[in-house]
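Some notes on the structure that comes next.
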Ligand SMILES: NC(=O)c1ccc[n+]([C@@H]2O[C@H](COP(=O)([O-])OP(=O)(O)OC[C@H]3O[C@@H](n4cnc5c(N)ncnc54)[C@H](O)[C@@H]3O)[C@@H](O)[C@H]2O)c1
């Protein structure tokens, strides 16, 4: 028996990058996994790979910024696997995000960005929490970033919001035996980071991190699975940095 045998987990933004690695790790520890993403082609491929490796997974298309889409994701999961025990709110606009300032970013883009990168986590949580109550409780991990403590404009602002959401929801969900925590990764070597962050900036960032290398999605898996699992049964409202020591706080 593994920690997640018989449990069902939804991972948003799981079509690639960090989310795909979380989905594979949860399946490897016995969970039924719903790979939830906007990108159907890549999401289907991740679910297919998990099944080929002997795991249990299915893809479902979701737009985390849309309440109806989030509700449909929750209903699909319960129909397919009978319950929802765990949620990882990982989806975000990151790889192809606009590089602009808070002072000048087009307002419509800013609103859309926040509706995905901040409200998306609340939206999917609102859609699943009552199903977790029916399952006797559950756990949620939100994907934050060390960007919450560094200048990074509206991207960092959304992650400050994710941290606040994690702390506030811990109180609203605690009485229902649902724990909610966040992981704040430092720079992680994904396709998205390679697209959005110029090589010289990455190099400079890495030179100032105590453990002098970029992180990998695999570096985050232990923290994510710990926070989701019963091993963290009395941990909630916590923001866990997994960042090679990048942030002192
Ligand atoms: N890579 C890093 O250096 C790093 C560091 C800290 C935090 N993070 C956070 O980790 C998460 C994943 O990062 P990544 O590098 O794997 O990024 P990524 O861009 O590869 O993955 C994001 C995924 O979210 C999906 N997505 C975007 N909008 C969506 C929506 N509206 N509904 C559903 N899915 C949507 C995308 O299709 C994509 O599959 C993000 O929350 C990011 O902010 C990344």
Being closer than 30 Å to residue 176 by Cα, surrounded by 15 or more Cβ atoms within 10 Å (Cβ to Cβ) and either touching a residue at least 60 places away in the same chain (Cβ under 8 Å) or in contact with a helix residue (DSSP H, G or I) (Cβ under 9 Å, 6 or more places away or on another chain) (or both) is the filter here; which residues of segment 192-234 pass it? 220, 221, 224, 225, 226, 227, 228, 229, 232
Could you pull out the residue among 121, 127, 147 that is assigned to a helix (DSSP H, G or I), free of Cβ contacts under 8 Å to residues at least 24 places away in the same chain and either more than 28 Å from residue 206 (Cα to Cα) or touching a helix residue (DSSP H, G or I) at 6+ places or on another chain (Cβ under 9 Å) (or both)? 147
Out of (1) under 22 Å from residue 7 (Cα atoms); (2) under 15 Å from the mean Cα position of the chain (by Cα); (3) not in a strand (DSSP E or B), what's the single condition that is false for residue 63? (1)
Quick one: how many residues across segment 46-70 are touching a residue at least 60 places away in the same chain (Cβ under 8 Å) and either closer than 12 Å to residue 90 by Cα or more than 8 Å from the ligand (Cβ to nearest atom) (or both)? 2
Test: residue 93 is at pLDDT 95 or above, buried (at least 16 other Cβ atoms within 10 Å of the Cβ), closer than 30 Å to residue 221 by Cβ and more than 16 Å from the ligand (Cβ to nearest atom): no
If you go through 219, 231, the only one that is part of a helix (DSSP H, G or I) and away from the ligand (no atom under 15 Å from the Cβ) is 231
Flag for residue 139 being within 9 Å of the ligand (Cβ to nearest atom) and in contact with a strand residue (DSSP E or B) (Cβ under 9 Å, 6 or more places away or on another chain): no
Tally time: how many residues in segment 158-186 are surrounded by fewer than 18 Cβ atoms within 10 Å (Cβ to Cβ) and either closer than 17 Å to residue 137 by Cβ or under 16 Å from the mean Cα position of the chain (by Cα) (or both)? 9
Considering only segment 179-213, state which residues are touching a strand residue (DSSP E or B) at 6+ places or on another chain (Cβ under 8 Å) and within 9 Å of the ligand (Cβ to nearest atom). 183, 184, 185, 186, 187, 188, 189
Per the filter on segment 12-45, residues near the ligand (Cβ under 10 Å from one of its atoms) and crowded, with 24+ Cβ neighbours inside 10 Å are 12, 13, 14, 15, 18, 19, 20, 22, 35, 36, 37, 43
Filter pass, residue 192 being part of a helix (DSSP H, G or I), under 14 Å from the mean Cα position of the chain (by Cα) and under 13 Å from residue 91 (Cα atoms): no
From the residues in segment 165-178 that are in contact (Cβ under 8 Å) with a residue 12 or more places away in the chain and either outside any helix (DSSP H, G or I) or within 15 Å of the ligand (Cβ to nearest atom) (or both), which one is farthest from residue 212 (Cα to Cα)? 176
Determine the pairs where a residue that is without any contact (Cβ under 8 Å) to a residue 24 or more places away in the chain and over 17 Å from residue 60 (Cα atoms), located within segment 1-29, has a partner that is within 16 Å of the ligand (Cβ to nearest atom) and not in a helix (DSSP H, G or I) with Cβ atoms under 6 Å apart, the partner being 6 or more residues away or on another chain. none
Residue check: is residue 109 part of a loop (DSSP other than H, G, I, E, B) and at pLDDT 95 or above? no
Looking at this structure, is residue 162 within 30 Å of residue 8 (Cα to Cα) and more than 11 Å from the ligand (Cβ to nearest atom)? no
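The values are calculated or read from the model by the stated rules, or taken from the named source; none is laboratory data. The structure presented is a predicted model; accordingly, all values stated were derived computationally and were not measured. A quick note on method: Cβ atoms are made from the backbone with ideal geometry, for glycine too, and the neighbour counts reach across all protein chains shown.
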